[in-house]
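Q: Okay, handing you the structure first.
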Amino acid sequence: STLPHFNIIPKMSYIILFPLIITNIIIFLFNSSIAANSMYNIQTYGAKSDGKSDSSKAFISAWTAACASSNAATIYVPKGSYLLNNAYFYGQTCKSNAITINIEGTLIAPSNYNVIGKSGNWIKFERVNGVSIVGGTLDGQGTGLWTCKNSGKGCPKGATTLAFYNSNDIAISGLTSQDSQMFHILLDGCHNAKLQGVKISAPGNSPNTDGIHLQSSSDVTILNSQIGTGDDCISIGPGNSNLWFENIACGPGHGISIGSLGWEMQEAGVQNVTVKTSSFTGTENGVRVKTWARPSNGFVRNVLFQHVVMNNVENPIIIDQNYCPGSGNCPEQGSGIKVSDITYDDVHGTSATEIAVKFDCSKINPCNGIKLLDVKLSYKDHPAEASCVNAGGMASGLEQPTSCLQV
């Protein structure tokens, strides 16, 4: 009898058509992802990777195009060196709230520090939402300005390398910043920012080259970063809250500092700060709170320093409420900043000075609620010493140096 053939053709069709269907699906998804994430290559807009041609207009043009996209957008910076004068990116009119700047190359500031030195900022973002910076190197070429400042000549103040103002949902990952004229990274008036895998470097004698400075910002996380500068690795100005720093390697520099605070009478406080699993090597300070001795209604409260290692640090633990750099032009009043609920948990290592724990608190607002839990700091193979003025709290576990807190 003759076998029916009607089932054989459909099966063969499925076998032939199946790869075509899968391929079409992949092409469709690929095209959809391109449509959903528009790509803007700065070289398309005239940027040249020779390190000499000014690429500022190309960057601004790419930003304008990405900003106008109704989808997620990526600005792509290929390998090479790109000279960039002042570049300001504004987000008030952006349709896209997810712009990624993917940098494979290096952005270079002008070698003549006067070109950007009086402007305050080199690369500035203002009122942006959902901006991510991935990879790349920013070279601030600050050497000339530092030399000018150290010579005592009249010099411009200098420019911050990368600044975000009044912006939300910011992400910076894998970025390197080197030789900034002044601050490397600044967040001012920002909410919800995450920085991770950041590397910041400037010589230990470079003036005012803070690694990351925070001002009036909230919900900021900094993770897995190496910071070595001539000033604070991280500095925390007035009005910051809900900060989390973890796995930070600091050095050289002036440590992680809350302050300086209290220059203004009306000043927002600092609260809810955590610094954990971090190390300080050869720094001027470790974990520091610094306030001016003048009237103010500001405060510092609810701060935790946990699992911190000190390697030959001059002032491993310090609260200085008589902060007066250069010992000139400083008022001699009690600091109005109220410092309370500061915890040091598992802080150990070596001090470069005999006094490893120094609490020099306000005579009109003594520090209170200070906790020292398992602190072990040595100086030249001997237990270090502690100094307390107007400081109250408690110690438990390891006590090296012996606590001088008023119970």
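Conditions tested, residue by residue: (1) of a type outside the set (D, E, K, R); (2) in contact with a Pro (Cβ under 6 Å, 6 or more places away or on another chain).
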| site | (1), (2) |
| --- | --- |
| Tyr90 | yes, no |
| Thr100 | yes, no |
| Gly117 | yes, yes |
| Asn121 | yes, no |
| Arg127 | no, no |
| Asn150 | yes, no |
| Lys153 | no, no |
| Gly158 | yes, no |
| Asn166 | yes, no |
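Q: Residues to consider are Ser235, Ser180, Ser201, Ser225; find the one that is hydroxyl-bearing (Ser, Thr, Tyr) and over 13 Å from the mean Cα position of the chain (by Cα).
A: Just one listed residue meets the conditions, Ser180.
Q: Looking only at the range 388-405, which residues are surrounded by 16 or more Cβ atoms within 10 Å (Cβ to Cβ) and among the polar types (S, T, N, Q)?
A: Correct list: Asn390, Gln400, Ser403.
Q: Is it the case that Ser49 is under 24 Å from Ile172 (Cα atoms), modelled with pLDDT under 95 and open to solvent by 30 Å² or more (accessible area, probe 1.4 Å)?
A: Here the answer is no, as Ser49 does not meet what is asked.
Q: So, in the range 184-217, how many residues would count as being open to solvent by less than 30 Å² (accessible area, probe 1.4 Å) and part of a strand (DSSP E or B)?
A: 9
Q: Under the condition of being of a type outside the set (A, V, I, L, M) and in a loop (DSSP other than H, G, I, E, B), which residue from the range 165-177 is least open to solvent (accessible area, probe 1.4 Å)?
A: Out of the qualifying residues, it is Ser167.
Q: Further question on the same structure: Can you confirm whether Ser180 is touching a strand residue (DSSP E or B) at 6+ places or on another chain (Cβ under 8 Å), buried (at least 18 other Cβ atoms within 10 Å of the Cβ) and either polar (S, T, N, Q) or on the phi < 0 side of the Ramachandran plot (or both)?
A: Judged against the criteria, Ser180 is a match.
Q: For the range 240-257, give me each residue that is open to solvent by less than 20 Å² (accessible area, probe 1.4 Å) and either under 30 Å from Glu332 (Cα atoms) or out of contact with any strand residue (DSSP E or B) (no Cβ under 9 Å at 6 or more places or on another chain) (or both).
A: If the condition is that a residue be open to solvent by less than 20 Å² (accessible area, probe 1.4 Å) and either under 30 Å from Glu332 (Cα atoms) or out of contact with any strand residue (DSSP E or B) (no Cβ under 9 Å at 6 or more places or on another chain) (or both), then Asn240, Gly253, Gly255, Ile256, Ser257 are the ones that fit.
The values are calculated or read from the model by the stated rules, or taken from the named source; none is laboratory data. Keep in mind the model is a prediction, meaning the values are calculated, not measured. Please note: Cβ atoms are built from the backbone with ideal geometry, for glycine as well, and neighbour counts cover all protein chains shown. Each accessible area value is taken on the protein alone, full model and side chains, heavy atoms only, with ligands, DNA and RNA left out. Shrake-Rupley method; radii C 1.70, N 1.55, O 1.52, S 1.80 Å.
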